[in-house]
Amino acid sequence: MNKQGKHDRRFRRAAVLGAGVMGSGIAAHLAGAGLDVLLLDIVPPDLAPAAATDKKARNRFATGGVDRLRTSKPSLIFHQRDLERIRVGNLEDDLAEAAKADIVIEAVREDLNVKQALFAKLEPLLGAQTVLASNTSGLPIGKLMAGRSAEMRQRFLVTHFFNPVRYMRLLELVSGEETDPEVLRQVAEFGETQLGKGIVYGKDTTNFVANRIGIYGMMGLIAEALAAGFTVEEVDAIFGSPLGRPKSAVFRTADMVGLDTVIDVAQNCYDNLIHDESRQTFATPEVIREMVRRGYKGDKTGKGFYQKTKEGLLVLDLNTLEYRAQQKARFESLSAAKSLTDVGERVKSVLAGSDRAAQLAWKATALLFSYSSRRIGPRSEADGNQNDAPIADDLFQVDRGMRWGYGWEMGPFEMWDAIGVKASVEKMEQSGIRPAQWVYDMLSSGRTSFYGGEPGQKVYYDLSAKKEAALPKSPRELPLAGLAAQGLIIDKNDGARLIDLQDDVYALEFQTKMNSIDADVIGLINKAIEICDARKKALVITNESTEAFSAGANLMLIVMAAMQGNWTMLEKVIADFQNANQLLRYGPVPVVVAPFGLTLGGGAEVTLHGDAVRAHAELYMGLVEVGVGLLPGGGGCKEVLCRLTANLPDNADPFPAVQRAFETIGLAKVATSAEEARSLGFLRESDSVSFNRDHLTYDAKQLALGLLRAGYRPPRQRLVRLPGPSGYANIRSSLQMMLEAHQIMPHDLTVGSALAKVLTGGNTSPTVKLTEQQLLDLEREQFLALCGEQKTRDRMMYMLQNNKPLRN
């Protein structure tokens, strides 16, 4: 119990009922977050009499769910060992065991009768504090809990995850009229902190928030596009990145979700939203129903709006329902917006166009704005008495739902702000489209946007209070842009800045394209250590990009220096980077690196040299320099070797560890999660992981504070014993055989040989231990030698021009 007399729940054990796509995905994410999970499904109805008592046979459906996780692409688990935390069972034999969990999440078939029957069986078995949740995508809580006790209804809520669970950030929470607010708060904290989800609070209405708006937008757009004679590829070209949507846009997204699923969700809206003024929009066009009748259900059947063939991706002709080659969509409005990097400016540019693409985009977007405005806040008489109930209290819930659940770069109200609310309302009226009355009231009050404020201190228009309010955020969010806006920049140059995180911790933030590492970044690394030492501060290295902690070194700088033969400058840059990384590792202040997303090449080398790492769970980390004909030159080879040979006895053969290092670097292995990075040796067992990206800087700060307050002392440099020429000959021989078998290209032999020379210690003797500086000298020597190879320069230029490796 806590001080307020409330039960202080800790979610350590979970049960998931239903091992289908959603149930198994939820179980995988819970296990990845460290919970022990029991996954149950029905007993297979087709069991032979002889197998009726066979536990393995009775658990077949749940076991199948785990097996699918094991082979899923992209992986739905963070590491194969996550599956060890999942036990399987069935709903007949193991329901009592499931009821003992801290939280039980129901994810069975979306059938009210099935769910009600399961809850009736579960209620007498539930632990006194167990939370019961449903992953329903839209069934009313009142009906789900019909016949259940008041005590059970207090501990019941909807936890609506989005598929695929690992990658989709959205978790919609919907409470019933009797749900205990403390239960809602605790589950929200659990979802946000332990599971890393973005929480959206929805109302108990059909399809909740994101699917209500998303399906409205999709079905309305398809109807408009069909009426105007647009092709599939034209619609997807318009409603992808030009309007801040995922590349899958509309029809490709429908294929991925499954057309039968799209119909089910839309039909649920149509059947239940009898008072929705736009109910008819949810009626499924006949062409989609005919596609499903023919078995064209999308990716699950191999045919949908698109069909993958050996010749490429074919597209469906909506008039003939025959597949044909794609035709490139060409619209002036899209071309004009292509060069705009700011998503708001891009959307504004497209919607301001005059061609048929812009006209469709405007019509669909205006309808989306209008519908979204009518679905939030209190029901207004000015909007008519037949409007359906609101789906959320606040506009930011809708925007977050669409960004986190549908992958949009901006939600409807954010887009509306970007193009100008007042001007767009006037244009909407000219098109015969009217938003909700509260939008007019807001404009009449003199406010012209839904959002405002400075970075880190954002405000929004609160419909209930009819004034601006602070945008809610977690106390564990520590936005660097907000701190910078408060004047807490300690130092900066063109490539990076040093920001005061307060409480004796500074943060170094890269600000180059893709946070690549150049001379400015290296310079501020050195200066940051100097400043932190003088002021007795700890240092965190992290960035606010959504994609990349750092995509590596500035490749253009390297290739231009090599092409110009400026070897003195290039050697200095590499030496400076090595020295900066060594300073991170052995300098006088504690350094915590907080990587996330793409952490490649030089970005990985910076991470490897921190005293500690606090990584985001979604970490894509690797030393990938061989892809451009190089090897890690900033201490990456040295650091991997030091880690893999750290515990070798003096009489042990170092070659197996060297061979593992060669495979990791030479094959450019990239971890696809923080836990995979740990298994590859990029993270240590002592390094920790945050599931919520927004909490990463705060969590890293706490770790840095702990090191500082414990009385930080830098570690000793390490000595490494390597096999020398005999080890080099072994690796070189293997590479030669691979070349003769046409498994590698001739230049791969050159690059691999240079890497082998570094990793085996050059001309060292197996009885001699090398210093870290000797290894760094070897790295730098071979890095520069490879820069002198024309084929390496060709690889670097090709990567810069095409964003993919050249095999030469």
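Between Ala646 and Ala575, the FRET efficiency estimated from the beta carbon spacing at R0 = 22 angstrom works out to 0.30. Taking a quarter of the surface of the convex hull around the Cα atoms of the range 275-377, what do you get in nm²? Across all orientations, the range 275-377 yields a mean hull projection of 9.9 nm². 3J(HN,Hα) along the range 718-727, derived from phi through the Karplus expression 6.51 cos²θ - 1.76 cosθ + 1.60 where θ = phi - 60°, amounts to 9, 10, 10, 9, 10, x, x, x, 5, x Hz, with x in place of Gly and Pro. Projecting label points 7 angstrom from Cα along Cα→Cβ for Lys328 and Asn566 puts them 3.6 nm apart.
The charge dipole of the range 656-808, taken about the Cα centre with unit charges on the Cβ atoms of Lys, Arg (+1) and Asp, Glu (-1), comes to about 300 debye, rounded to the nearest 20.
Amide H contacts for Val16 (H built 1.01 Å from N in the peptide plane; partners 5 or more residues away or on another chain; cut-off under 5 Å): Leu38, Leu39, Leu40, Ile105. Dipole size of the range 600-677 about its Cα centre, with +1 on Lys/Arg Cβ and -1 on Asp/Glu Cβ: approximately 60 debye, rounded to the nearest 20. Within the set of other residues whose C-beta is less than 12 Å from the C-beta of Lys115, count the net charge using Lys and Arg as +1 and Asp and Glu as -1. My count for the surroundings of Lys115 gives +1.
Among the protein heavy atoms, those of Arg346 account for about 30 Å² of accessible surface (1.4 Å probe, every chain in place). Rolling a 1.4 Å probe over the protein heavy atoms gives the chain an accessible area of 43 Å² per residue. Derived scalar couplings between HN and Hα for the range 533-538 equal 5, 5, 9, 6, 10, 8 Hz in order, rounded to whole Hz, by the Karplus curve 6.51 cos²θ - 1.76 cosθ + 1.60 (θ = phi - 60°), x for Gly and Pro.
Whenever you get a sec, compute what percent of the accessible area on the chain sits on carbon and sulfur atoms (1.4 Å probe). Of the solvent-accessible surface of the chain, carbon and sulfur hold 50 percent. In order along the range 784-792, the Karplus-derived 3J(HN,Hα) couplings, from 6.51 cos²θ - 1.76 cosθ + 1.60 at θ = phi - 60°, round to 5, 4, 5, 4, x, 7, 4, 5, 5 Hz, and Gly and Pro are given as x. From the largest down, the range 526-658 spans 45, 41, 31 angstrom on the principal axes of its Cα atoms. A Förster radius of 51 Å, combined with the Cβ-Cβ distance separating Ser241 from Glu178, puts the computed FRET efficiency at roughly 0.70. The residues neighbouring Phe162, those whose beta-carbon lies less than 11 Å from its own, together hold a net charge of +2 under the Lys/Arg +1, Asp/Glu -1 convention.
Over every Cα atom in the range 632-690, the radius of gyration and the widest Cα-Cα span, Dmax, amount to 12.1, 39 Å. Between the amide H of Asp394 and those of Gly377, distances stay under 5 Å, these residues lying 5 or more places away or on another chain, with hydrogens modeled in the peptide plane. The Rg/Rh ratio for the range 201-309, using Cα coordinates for both the radius of gyration and the Kirkwood hydrodynamic radius, is 0.96. Overall dimensions of the range 124-252, expressed as equivalent-ellipsoid semi-axes from the Cα gyration tensor (√(5λ), whole Å, largest first), are 36, 17, 10. Near Ser673, the amide H atoms lying under 5 Å from its own belong to Leu619, Met621; only residues 5 or more places off or on other chains count, and H is placed 1.01 Å from N.
Hey, which of these cross-link pairs are over 32 Å Cα-Cα: Lys143/Lys247; Lys513/Lys791; Lys197/Lys427; Lys363/Lys458?
Flagged as over cut-off: Lys143/Lys247; Lys197/Lys427.
For the chain, the Kirkwood hydrodynamic radius comes to 29.3 Å, computed from all pairs of different C-alpha atoms. Multiplying the residue separation of Thr546 and Arg294 by 0.36 nm and subtracting their alpha-carbon distance yields 86.7 nm.
The values are calculated or read from the model by the stated rules, or taken from the named source; none is laboratory data. Note that the structure is predicted; figures quoted are calculated from it, not measured. Please note: Cβ atoms are built from the backbone with ideal geometry, for glycine as well, and neighbour counts cover all protein chains shown. These accessible areas exclude ligands, DNA and RNA; they are computed on the full protein's heavy atoms, side chains included. Shrake-Rupley method; radii C 1.70, N 1.55, O 1.52, S 1.80 Å.
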